[in-house]
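The values are calculated or read from the model by the stated rules, or taken from the named source; none is laboratory data. Everything numeric in this text was worked out from a predicted model, so none of it was measured. Methodologically, a virtual Cβ is constructed for each residue, glycine included, from the backbone with ideal geometry; neighbour enumeration extends over all protein chains shown. SASA here: full protein model, heavy atoms, side chains in, ligands and nucleic acids out. Shrake-Rupley method; radii C 1.70, N 1.55, O 1.52, S 1.80 Å.
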Amino acid sequence: MKRLPGILALLALLATVPAFPQPSANDQSLPFGNILKNKLLILRGFYGSEKLEFDADGRALPDARLGFGPTDGTFHVISIHYPPGKVVLEGDLPLLNYHLDTNSVSYAEGIVKRSVTIDVPDSTDQNAVEHALWSVFYRPGKSITPSCTAEEKADFAAHMRRERERQGKKPKQQAESSGPIPPSGICFPLGEHVLHHVGKTEGVSAPISIHTPDPSFPDNAPKGVFDDTVNVAAIIDESGRVTTMTVVKSLGLSFDQVAVAKIRTWTMQPALMNGKPVAVSVTIEMRFSRH
């Protein structure tokens, strides 16, 4: 998977992250305990794995899965621990929501857990801890700026309008199950791009569902009849994993969290081009239906 040239200008810690809970009064007194807790960090390698281990120079162990860009590398820090010879960060994969009307990105706490373990010669030495952390994560700095082009935004807006019209005309009793929908005009606001798009790239076949279950209703879902969707822009990689997800049509935090967490459990046969697996961008429609 290719890293994007020039993407470094986008990568940084967001100084203020809305919707994340505030630290408690009894935070850790060890290095960085108060500084990084409940902050958003971005992994230098944009790794998509949920459990990661690194040596003291920031090199990931061989089983780490490289992602497509900063969306995969986001990490919401919940706690930091300092066992002998280690720095361990526990957190989650934040929920990203792209707002087309304002061309902005918001972040909320996710429900997919994530952990990062870094080797360090002396976990009580602040200089050693700092070196280890910034070998793995980008240092605090500029905010992430959405990078969708005007053409992408217009194409994406037209695509979402067509989807709303399609859903409005569909009888409730014929509601479809969840799954990929035509991916015209996908915009990944943190800059991820893939070369192939089902329905737009000649000779590319669509991924085939193997196990793509519908989501369950959140515990705090409204009572009574309900039929609506969360739409998620995503990349399906060469192995059929769904990754790099951004909510582009929201039903509210609880529905969005459940939708993204469920999609991460999906298994698919990858898209093919000339008989070879390729990564493709798709829009996934997660339907919540209760009658």
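The table for this structure:
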{"quantity": "Scope the range 268-291; condition among the hydroxyl-bearing types (Ser, Thr, Tyr) and either surrounded by 21 or more Cβ atoms within 10 Å (Cβ to Cβ) or at pLDDT 90 or above (or both); matching residues", "calculated": "Ser281, Thr283"}
{"quantity": "Residue within the range 171-181 that is under 22 Å from the mean Cα position of the chain (by Cα), at pLDDT below 80, open to solvent by 50 Å² or more (accessible area, probe 1.4 Å) and among the β-branched types (Val, Ile, Thr) present", "calculated": "no"}
{"quantity": "Single match in Gly85, Gly110 (criterion: within 18 Å of Leu52 (Cα to Cα) and without any contact (Cβ under 8 Å) to a residue 40 or more places away in the chain)", "calculated": "Gly85"}
{"quantity": "Residue list for the range 258-269, filter: in a loop (DSSP other than H, G, I, E, B) and without any contact (Cβ under 8 Å) to a residue 60 or more places away in the chain", "calculated": "Thr265, Trp266"}
{"quantity": "Members of the range 239-257 found to be free of Cβ contacts under 8 Å to residues at least 60 places away in the same chain and either crowded, with 16+ Cβ neighbours inside 10 Å or in a loop (DSSP other than H, G, I, E, B) (or both), listed by number", "calculated": "Ser239, Gly240, Val242, Leu251, Gly252, Phe255"}
{"quantity": "Among residues of the range 197-232, those that are part of a strand (DSSP E or B) and surrounded by fewer than 17 Cβ atoms within 10 Å (Cβ to Cβ), counted", "calculated": "7"}
{"quantity": "Meets criteria (closer than 30 Å to Val280 by Cβ and open to solvent by 50 Å² or more (accessible area, probe 1.4 Å)) for Glu90", "calculated": "no"}
{"quantity": "Tally of residues being of a type outside the set (D, E, K, R), open to solvent by 30 Å² or more (accessible area, probe 1.4 Å) and modelled with pLDDT of 90 or more across the range 47-81", "calculated": "2"}
{"quantity": "Tabulated pairs, the range 41-52, first in contact (Cβ under 8 Å) with a residue 12 or more places away in the chain and assigned to a loop (DSSP other than H, G, I, E, B), second surrounded by fewer than 19 Cβ atoms within 10 Å (Cβ to Cβ) and basic (Lys, Arg), C-beta under 7 angstrom, 6+ apart or interchain", "calculated": "Phe46/Arg3; Gly48/Arg65; Ser49/Arg65; Glu50/Lys113"}
{"quantity": "Test: Gly185 is at pLDDT 85 or above, part of a loop (DSSP other than H, G, I, E, B) and open to solvent by less than 10 Å² (accessible area, probe 1.4 Å)", "calculated": "no"}
